[in-house]
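One structure is given here, and the rest of the page talks about it.
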Amino acid sequence: VPADTGEEMQKILLAQAIEGMTLAHDIQTSEGRILCGKGTKLSETILSRLARLEIVSIIVEGMPVTEPGRKSLAEEMADIENRFSRVNDIAPLLYIKNRLLSRLLLAHQNPAAAPAPDANLTRATEPSPEDSQ
Amino acid sequence: MNDSLRDSFKKRLREVKNLPTLPGIVNKLTRMASDPDTTSEQMGKVISRDHILAAKLLRLVNSAFYGFPQKISSLSYAIILLGFNVIKSLIISASIFEIMESHDLELWEHSMGCALACNIIGKRLGIKEPEEISTAGLIHDIGKVAIKIELPQQYHQILALIDTKQIPMWKAEMEILGFDHAEAGGWLAKYWNLPARIIEPIACHHDPRKAKKEQLASSIIHVGDILIRSLGYGHAVDIWVPRLSQRAWQLLNLGRKDLDAILDEIEEKIWDIKGFTLSIQKKLENQPGLPY
């Protein structure tokens, strides 16, 4: 994940990219070679070239793609809490939950509120008798 | 749940009346595989005669959940790299998941995500044949598709029960059918003559302690399923992250560093799967009037 410069940017699938969007980060090959630099305005030619190179996702400036049903921070946090609501006593899963929450907060540019993930990973619980079949 | 009801459901599932019949090609390939003189070129040629199947197989083989560094463009090479059991499972999943693509894309995404997670865990642990692990991850929920297709009425009852009682899917399945989709998936995998290394992880993905021979593989699928659900790639009304088996976790023996590296890699590679799902979605939008 690239360093946060405070400017708004969005990771999108190449299939979602359209002419006129601006790259917020370099596009690199797996070997680290730069294919297309930060600041490039995307054209049809560039897009089809990237498609031929089988680039999957890119990072562009702004938030140009709105996914239907995109949720607010509060809703996303509530989703995570709800999803993990039955496993809060299982250390490795609690660790994952805290990691997700802190990533989410960071992504919303509120690093101060991100809790430090801290959990003892060695402890997991067996599914309780009523949980196992 | 009385036994006779359970048996009748089990019988209906095993008849696999409504699931697409496995392409005749599977039998032909199985016969060829048992002949030591068969070459992978010959097998590749047989598959290539079905262009659509061949294209689908290559797409699956080249997807993130096998993680080969280079693109594989020939089927005979894919057979050498992945082994016949994996190719056979892929032919089965290509036909079964055809249904899923058109009416349960979420389950297909969950399945591919699980395959990816299993592959990454398998490689981290230095497993010898991570491709089989990925494949077991890919088809671990095949029992769900079978229940949905073969027992549609009961499937709706199961969904309703999850909603009213707020219980996980397998519990609702136990109440309505007397078995869960893991067990059902195990029967199907056995019926299709898949190897124990794939059958057991499917059948035991809710409780890997039940595995007799494939404890480690079953534990990887159990954890892979939980990881991908943790990240929000679950299925339908059963939204909760399942409870992690202590035995499975100990067997994998992953530290925080391992877990971080695994999650980082899943989060990065999940984009390939999102791309896969989006392209299916677009394809479906462009061809209205599908049979499902």
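Could you please put B:Arg209, B:Arg243 in sequence from largest to smallest accessible area, using a 1.4 Å probe?
B:Arg209, B:Arg243
Over chain B, what per residue volume does the convex hull of the Cα atoms give, in whole Å³?
In chain B, the Cα hull volume divided by residue count equals 138 Å³.
Pairs to check: B:Lys28/B:Lys210; B:Lys10/B:Lys210; B:Lys123/B:Lys282; B:Lys45/B:Lys269; B:Lys28/B:Lys212. Give those whose C-alpha atoms are more than 24 Å from each other in this structure.
Table pairs above 24 Å Cα-Cα are B:Lys28/B:Lys210; B:Lys123/B:Lys282; B:Lys45/B:Lys269; B:Lys28/B:Lys212.
Please report the orientation-averaged projected area of the stretch B:160-250, defined via the convex hull of its C-alpha atoms, in nm².
With every direction weighted equally, the projected area is 6.1 nm².
Normalise the Debye intensity by I(0) for the stretch B:93-159, one equal point scatterer per Cα, no solvent, then take log10 at q = 0.11, 0.25 Å⁻¹ and round to two decimals.
Once normalised to I(0) and log-transformed, intensities are -0.31, -1.01.
How much of the pair distance distribution for the stretch B:230-272 lies past 15 Å, counting alpha-carbon pairs only, in percent?
The share of Cα pairs beyond 15 Å in the stretch B:230-272 comes to 60 percent.
Where does each of B:Ser63, B:Ser34, A:Ser72 land when they are ordered by accessible area, with a 1.4 Å probe and the largest first?
B:Ser34, A:Ser72, B:Ser63
Whole-Hz Karplus ³J(HN,Hα) for the stretch A:87-104, in order, using 6.51 cos²θ - 1.76 cosθ + 1.60 and θ = phi - 60°, x for Gly and Pro?
Along the stretch A:87-104, the couplings run 10, 5, 9, 10, 3, x, 6, 5, 4, 5, 4, 5, 4, 4, 4, 5, 4, 4 Hz.
Rounded to the nearest 100 Å², what's the accessible area chains B and A bury against each other, both chains counted, probe 1.4 Å?
Chains B and A together bury approximately 3400 Å².
Label B:Leu278 and A:Lys41 with points 7 Å out from Cα along Cα→Cβ: what is the distance between them in nm?
Here the answer is 2.2 nm between the modelled labels.
Net charge within 14 Å of A:Leu14 by Cβ-Cβ distance, Lys/Arg positive one each and Asp/Glu negative one each, not counting A:Leu14 itself?
Net charge in that neighbourhood comes out at +1.
Quick check: net charge around B:Asn85, other residues with Cβ under 11 Å of its Cβ, Lys/Arg +1 and Asp/Glu -1?
Taking every other residue near B:Asn85 into account, the sum is -1.
For the stretch B:136-178 and the stretch B:42-94, what is the separation of their C-alpha centers, rounded to whole Å?
Result: 30 Å between the Cα centres.
Evaluate E = 1/(1 + (r/R0)^6) for B:Thr164 and A:Gln28, where r is the Cβ-Cβ distance and R0 equals 45 Å; express this FRET efficiency to the nearest 0.05.
0.35
Please report, to two decimal places, log10 I(q)/I(0) for the protein assembly as shown at q = 0.09, 0.12 Å⁻¹ as given by the Debye formula with identical point scatterers on the Cα atoms and no solvent.
Here the Debye-derived log intensity ratios amount to -0.60, -1.08.
With a cut-off of 8 Å between alpha carbons and a minimum separation of six or more residues, what is the relative contact order of chain B in percent?
About 21 percent, as a whole number.
Ignoring ligands, DNA and RNA, what percent of the accessible area of the protein assembly as shown is carbon or sulfur (1.4 Å)?
Heavy-atom surface of the protein assembly as shown belonging to carbon and sulfur, 1.4 Å probe: 51 percent.
Using only the Cα atoms of the stretch B:1-126, build the gyration tensor, take square roots of its eigenvalues as a ≥ b ≥ c, and label the shape rounded, prolate or oblate: rounded if a/c is under 1.5, else prolate if a/b is larger than b/c, else oblate.
Oblate is the answer for the stretch B:1-126, as a/c is 1.5 or above yet b/c matches or exceeds a/b.
Any chance you could look up the accessible area of B:Lys71 with a 1.4 Å probe, heavy atoms only, rounded to 10 Å²?
The accessible area comes out at roughly 130 Å².
The values are calculated or read from the model by the stated rules, or taken from the named source; none is laboratory data. No experiment lies behind these values; they were computed from the predicted model shown. Every residue, glycine among them, receives a Cβ derived from its backbone with ideal geometry; neighbour counts consider all protein chains shown. The protein model used for the area step is the full one, side chains on, heavy atoms only, and it has no ligands, DNA or RNA in it. Shrake-Rupley method; radii C 1.70, N 1.55, O 1.52, S 1.80 Å.
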